[in-house]
Amino acid sequence: MTAPALPRAAVDAAVAAERHRVADLVADLTDEQWATPSLCAAWTVRDVVAHLTVTTRTTVPRLLPAAVRARGSFDRMAVDLAAARAAAYTTAELVAQLRESAGSTRRVPGSTPMDPLMDLVVHGQDVARPLGRRHVTPPDVVAACLAYVAANRFMGGPRRLAGVQLVSTDTGWTHGDGAELRGPDVDLLLVAAGRRAGLDALRGPGAAVVAARLG
């Protein structure tokens with residue numbers, strides 16, 4: 001089956017909708033909930049939301065010094081930029097910034113149109129699940145993000161999924177060869193993006209293979 005994909009206009013529309021959706025998810029959180037550890041290692045809910053406001057506000061002149069401070073590590077740079085915004089703005093301001101940027105197509109230099117969409121969908125789950133909340137993204141958007149991450153070397157999908165065949169119980173889409181890992185797209189997406197939490201809803205011998213890699 002052909003990998004799920006979205007045309008560019010649909011990607012941009014989905015990014016806008018997902019920014020509003022994540023803003024709605026966190027708008028009524030208490031201070032304690034904002035401080036809850038997310039599924040994303042080293043980040044609280046507040047840090048994740050701060051990170052999601054970076055995408056449309058990063059320029060090359062801002063990015064270069066941050067990259068130097070992070071010694072070329074993209075992950076460390078992302079952590080540093082999120083920490084700076086989390087410290088500089090109130091939670092209400094961060095939510096407002098996420099809404100204000102909803103329709104923007106600006107993105108981190110060097111990234112693709114799918115990158116901010118994938119980031120929003122995965123981080124929406126990073127926030128929702130530890131809080132015990134349900135965050136629902138349209139199925140076609142989740143499916144497209146899954147196909148994107150599963151094949152994206154920069155995201156680490158191929159490394160985590162080597163020797164594993166993903167089988168979507170939502171669409172029937174399959175990816176890869178080897179031990180079967182079967183379940184809903186959103187949980188397959190979380191596993192492809194490195195989140196152990198996705199394994200709870202997945203079945204098949206591939207679960208043990210991936211679990212060993214996720215630590």
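None of the figures in this text is laboratory data; all of them are computed from the coordinates on show. Bear in mind that the values here come from a model prediction, so they are computed numbers and not experimental data. Don't worry about glycine lacking a Cβ; one is built from the backbone with ideal geometry, like all the others, and counts go over all protein chains shown.
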The FRET efficiency for R134 and A211, from their Cβ-Cβ distance with R0 = 35 Å and rounded to 0.05, is 0.90
Compute the long axis of helix 114-131 from its Cα atoms, compare it with the longest principal axis of the Cα atoms of the chain, and write down the angle in degrees, 0 to 90, nearest 10.
90 degrees
Helix 91-100 versus the longest principal axis of the chain: what angle, 0 to 90°, nearest 10, using Cα atoms?
70 degrees
Lys/Arg +1, Asp/Glu -1 at C-beta; the chain dipole; positive extreme among T105, T30, T174:
T105
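Which FRET efficiency, nearest 0.05, do R8 and R99 yield, Cβ-Cβ r, R0 22 Å? Intermediate values should be presented prior to the final figure.
On the way: r = 23 Å, r/R0 = 1.03.
For R0 = 22 Å, the calculated efficiency reads 0.45.
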Going by average Cβ density within 10 Å per residue, which order do the peptides 45-53, 80-88 take, highest to lowest?
45-53, 80-88
Relative to 2.2 N^0.38 Å, what does the C-alpha radius of gyration of region 139-214 come to as a ratio? Two decimals please.
0.92
Quick one: angle between helix 139-150 and the longest Cα principal axis of the chain, in degrees between 0 and 90, rounded to 10, please.
80 degrees
In deg cm²/dmol and to the nearest 500, what is the mean residue ellipticity at 222 nm of the chain if only DSSP H runs of at least 4 residues count, each as -39500 (n - 2.57), divided by the residue total?
-16500 deg cm²/dmol
